[in-house]
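The values are calculated or read from the model by the stated rules, or taken from the named source; none is laboratory data. As the structure is a prediction and not an experimental result, all values here were calculated from the model. Here the Cβ is made from the backbone with ideal geometry for all residues, glycine too, and neighbour counts use every protein chain on show.
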Amino acid sequence: MNSKQHYNTHKLTLTKPNKKSQFCSDDGESTTPHSINSTKNNKEFQTDDSDCGTPITPSTKSLQKPQQSKFKPKPNTIQQLFTNTARNVLQNKQTHSDAESKPQKQQEVSIKNHPFRHLIFGQSVQETTLKKHLLLTQRGLIYATKCLKGPSDQFIQSRQVEVPKEENKSKILLLDLDETLIHSYHSKEQAQVNINQISFNVRPYTNYFLNKLSEIYSIFIFTASSSSYASVIVDYLDPDQSKIIGIFSRNHCMETKNGFFIKDLRTLKDIDLSSTIIVDNLAHSFGLQIDNGIPILEWNSDEKDEELKYLTEYLVQASQVEDVRIFNRENIRLRELISYQL
């Protein structure tokens, strides 16, 4: 083991989801049968990013807010860093009346031929939105490729969890929750859905997205939130338990020494990475398997958003290929974005 790497050595266990029973969540609360949980006392295990810190300069302590809900993890500091950096860069680049004064149609024309326009799947997008999304994604990819050091294969094997299999479905789709499928609020007045102290809005076309893709993919939620928080939301999104097979939560993530949660797909036992796709608004989350990832535009309750509608079309095509990693490399082209001058 590298002297810089210090991992917890306790065993991570998993119970297979059962439609007729409930499981004990990672925080000790009763959850729905959607949940795939580890034992109560298990903790996150770590990967190493200690030799390079965070990819940008602001102090994580100064940006981090206190935890406001027992269901949801502390705000993701790297996301805050990316967001603040993107905002500052964009503001500094704008002149007196450039992007803000342009009509939307004019902005759309100016970015029509952008080499990474495809990273926003919707047909309509403003220039500032595209630039921010590309900057956030690029920052995450740089962090992943320059800073993340995952544990050894031997260590991963000791921490793997069983993944339920579905007959006649060869592809797996892993979906993030916050800012991917939903946006949560601290105030009930702002949200459309209020359940068990959790308030949130659901991204447009989520039901269409799940209905269509559950026919060809085994769908799981993979979130850095707690299982109790995720279970409440998944029960609302899929009340008859017909579309989402299970939930991988914070206990199944890898926590870096700087406190960032990474979704290392190698911890999912016996899955074929050539047949697995993960969708997340934060590219660093799938930073150890970049070619498996699709960075979706983060959603903050825009009712006109169409990302899931058009992402569905891409994922239907991906389900028909032999190796989704090659398909993503050729079409999403994240590795090219790393060195692209924004």
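Structure data summary
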read-out	value
Residue within region 110-127 that is modelled with pLDDT under 95, in contact with a helix residue (DSSP H, G or I) (Cβ under 9 Å, 6 or more places away or on another chain), buried (at least 18 other Cβ atoms within 10 Å of the Cβ) and assigned to a helix (DSSP H, G or I) present	yes
Pairs, first farther than 13 Å from CYS147 by Cβ in region 281-293, second assigned to a helix (DSSP H, G or I) and of a type in the set (Phe, Trp, Tyr), C-beta under 6 Å, six or more apart	GLY293/PHE286
Any hit, region 250-262, residues being β-branched (Val, Ile, Thr), in a loop (DSSP other than H, G, I, E, B) and either within 30 Å of ASP153 (Cβ to Cβ) or in contact with a Leu (Cβ under 6 Å, 6 or more places away or on another chain) (or both)	no
Subset tally (residues that are of a type in the set (Phe, Trp, Tyr) and surrounded by 21 or more Cβ atoms within 10 Å (Cβ to Cβ)) for region 128-174	1
Out of LYS309, LYS263, LYS243, sole residue that is surrounded by fewer than 23 Cβ atoms within 10 Å (Cβ to Cβ) and under 21 Å from PRO164 (Cα atoms)	LYS243
Qualifying residue in region 275-283 (condition: part of a loop (DSSP other than H, G, I, E, B), of a type outside the set (Gly, Ala, Ser) and within 12 Å of the chain's Cα centre (by Cα))	yes
Residue among HIS284, HIS252 that alone is touching a Gly at 6+ places or on another chain (Cβ under 7 Å) and either modelled with pLDDT of 95 or more or crowded, with 20+ Cβ neighbours inside 10 Å (or both)	HIS284
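Quick grid of which residues meet (1) assigned to a helix (DSSP H, G or I); (2) touching a helix residue (DSSP H, G or I) at 6+ places or on another chain (Cβ under 6 Å); (3) touching a residue at least 60 places away in the same chain (Cβ under 8 Å):
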{"site": "ARG266", "(1), (2), (3)": "yes, yes, yes"}
{"site": "ILE271", "(1), (2), (3)": "no, no, yes"}
{"site": "TRP299", "(1), (2), (3)": "no, no, yes"}
{"site": "GLU303", "(1), (2), (3)": "no, no, yes"}
{"site": "ARG325", "(1), (2), (3)": "yes, yes, no"}
{"site": "GLN341", "(1), (2), (3)": "no, no, no"}
